[in-house]
Amino acid sequence: MDQSDHFWIKVRTLGQYVFCPRAGILAAEQEASDDEADDDPIRLDFLPEYSLPVIEEQLALHLRALGSWGGRVAGLLIAMAVAWFVGWTLAVVIGAFVLLWLGRRLGQEIRSVLTLADSRRQAITAEAKEPPENATNQTAVNWWELLKAGFDSIRLQESLRDEQSKLAGRPWRVLRKGSLRIPVIKIGEDFYEGGRYWIYPQHEIRLAAYAHLLAACEGGEVPYGIVLFGSTYEGVAIPITAQLNEQFLVKRAEFDRTFAAAKKADPPDEPDAGCCSGCIHGKPEKANADLVQIQTEKVHGRTGRDGKLYHSECGDRFEWIPPHAQAKKKGLLPPEK
Ligand code: SF4
């Protein structure tokens, strides 16, 4: 392999590559900017906060809003009582509709205040605790306990870049204390249930890659990395062992070979069907008839039981029909023998 086959890769892409080489190739081909997407999922409702001053600021704001919505509800109830007393039935009916809407807003504020108050309580009552630096096993951790132990939580403004390994990325947060540098990533709440958690090789390799980047760009020691679960404050510390480091380096080198081969129309093999069943890249979507007709897009689709043409991102790129659960449901796959 010559030097031109040594590609830049983002840490998140490497994680996808570990999950499935085809997913890694798709992600690598779509890498447009230098930056990595944030681990915080886009939610339109209420986002958990990870800093006590921010929680207290938000709590004060929501308490003010709660008072204001509560005042409006009380005012409206008084107005409705007066309207009822003087026999303005229509005004009472209109008031009831407005009350419903106000009640919803009030309910939202009450939920926000309760959530923030609970987060504040957890932050204040947490006791300082951190994983041992020489741990070789995974250790359960709590965000507030780590902050109480003296770690500063840093949100990097830009991705870290290492010219030598051609690796770039930005963990969700970096915890710093003395010479310790701890990368933190967040994964979905589906990986955590009542104290049990599920960590997969793609998460471990991501942490090892961020550890490599931090050591290369900032120096210091990175004995472990942390995975936090969704909007909880619970997580697990994964030791960055010599063995995990070795696995990271192997995957990093393997990616270059696979990506170079994929560029020469030699794609990676199909993974196990189980990998594809819930994969977003293999989810069948209805093909846009206009695009198919004028052929501005390469579509590798198949007609489903409903007579419509379906395709997927992975299917188009690798010219196949991924065995996604939806593809099975829509009759896009050959019948099982
Ligand atoms: S659909 Fe299957 S092959 Fe395609 S990226 Fe997803 S897991 Fe990989």
*lysines whose Cα lies under 20 Å from that of Lys10, excluding same-chain neighbours fewer than 8 positions away*: Lys166, Lys186, Lys251, Lys263
*For helix 21-30, report the angle its Cα long axis makes with the longest principal axis of the Cα atoms of the chain; keep it between 0 and 90° and round to the nearest 10°.*
70
*For region 311-337 and region 67-89, what is the separation of their Cα centres, given in Å?*
58
*Return the Cα extents of region 52-125 along principal axes one, two and three, sorted largest first, each rounded to a whole Å.*
54, 16, 14
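Select from region 134-183 those trypsin sites (Lys or Arg not before Pro) which occupy a DSSP coil region and have at most 14 other Cβ atoms within 10 Å, ordered by residue number. Let's see the in-between values first.
Numbers: sites: Lys148, Arg155, Arg161, Lys166, Arg173, Arg176, Lys177, Arg181; in loops: Arg155, Lys166.
Listed in order of number, the matching sites are Arg155, Lys166.
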_Sort Ser68, Ser112, Ser153 by Cβ crowding within 10 Å, fewest neighbours at the top._
Ser68, Ser153, Ser112
*Length gained when the stretch Ile78-Leu249 is fully extended (0.36 nm per residue, less Cα-Cα span)*: 54.6 nm
*For Ala216 and His300, what is the calculated FRET efficiency with R₀ set at 35 Å and r taken between the beta-carbons, to the nearest 0.05?*
0.30
*Under a Cβ-Cβ cut-off of 12 Å, what is the net charge of the residues other than Gly70 that fall near it, where Lys and Arg count +1 and Asp and Glu count -1?*
+2
_Using a Förster radius of 41 Å, what is the FRET efficiency between Ala117 and Gln164 based on their Cβ-Cβ separation? Nearest 0.05, please._
0.30
*Summed side-chain charge close to Gly307 - residues other than Gly307 whose Cβ falls under 13 Å, Lys, Arg +1, Asp, Glu -1*: +4
*For region 72-210, the Rg and Dmax computed from alpha carbons only, in angstrom*: 25.2, 82
*Which value in nm describes the separation of the simple spin-label points at Arg257 and Arg155, placed 7 Å from the Cα toward the beta carbon?*
4.1
*Please determine, in degrees from 0 to 90 and to the nearest 10, the orientation of helix 201-217 with respect to the longest principal axis defined by the Cα atoms of the chain, where the helix direction is its Cα long axis.*
80
*Any idea what diffusion coefficient the chain gets from Stokes-Einstein, in µm²/s, Kirkwood Rh on alpha carbon pairs, 4 °C, 1.567 mPa s?*
55
*Tell me, rounded to the nearest percent, the portion of alpha carbon pairs in region 226-337 spaced more than 17 Å apart.*
68
*Return Ser179, Ser51 ranked ascending by Cβ neighbour count within 10 Å, so the fewest neighbours appear first.*
Ser179, Ser51
*On a 0 to 90° scale, report how tilted helix 52-86 is relative to the longest principal axis of the chain, with both axes built from alpha carbons and the result rounded to the nearest 10.*
40
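Taken together, the values in this text are just the output of simple stated rules run on the coordinates, not laboratory data. Note that the structure is a prediction, hence the values are computed from the model and not measured. Neighbour counts run over all protein chains shown; Cβ positions are idealised from the backbone, glycine included.
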